[in-house]
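Worksheet for the structure shown next.
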Amino acid sequence: MEYAKDEIFKITYNSRVNRLQIPKENWKSRVIQKVKKHKFMSLIIILFIMFSCINFFLIYHFMKILQTASFI
């Protein structure tokens, strides 16, 4: 029974309040679980952010080139 409480349900004993408690998940572990569960959507979001940054970078440098170019 102790194994089931500790490993399967992730229950820990809190000596301050003298009872068993389920520890809260932090935001990092929740994000990692979502990424593992929804791999395709995570990939799409990462690619969107990456291509948006590349697009901004290329447009910015293109404008810099146009500003420094001397036309007749």
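Where a number appears in this text, it was derived from the coordinates with a stated rule and is not lab data. It should be emphasised that the depicted structure is a prediction, and the values quoted were computed from it without experimental measurement. Glycine also receives a Cβ, built like all others from the backbone with ideal geometry; neighbour counts cover every protein chain displayed.
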To the nearest 20 Debye, how big is the dipole of the chain about its Cα centre, given +1 on the beta carbon of each Lys and Arg and -1 on that of each Asp and Glu? 200 debye
Simple label model, 7 Å out from Cα along Cβ direction - ASN26 to ILE44, nm: 3.1 nm
Total lysine pairs under 23 Å (Cα atoms) in the chain, excluding pairs fewer than 8 apart on one chain: 12
On Cα atoms only, tilt of 27-37 relative to the major axis of the chain in degrees: 80 degrees
Give the residue from LEU47, ILE65, THR12 lying farthest towards the positive end of the charge dipole for the chain; charges sit on Cβ (+1 for Lys and Arg, -1 for Asp and Glu) and the dipole is referred to the Cα centre. THR12
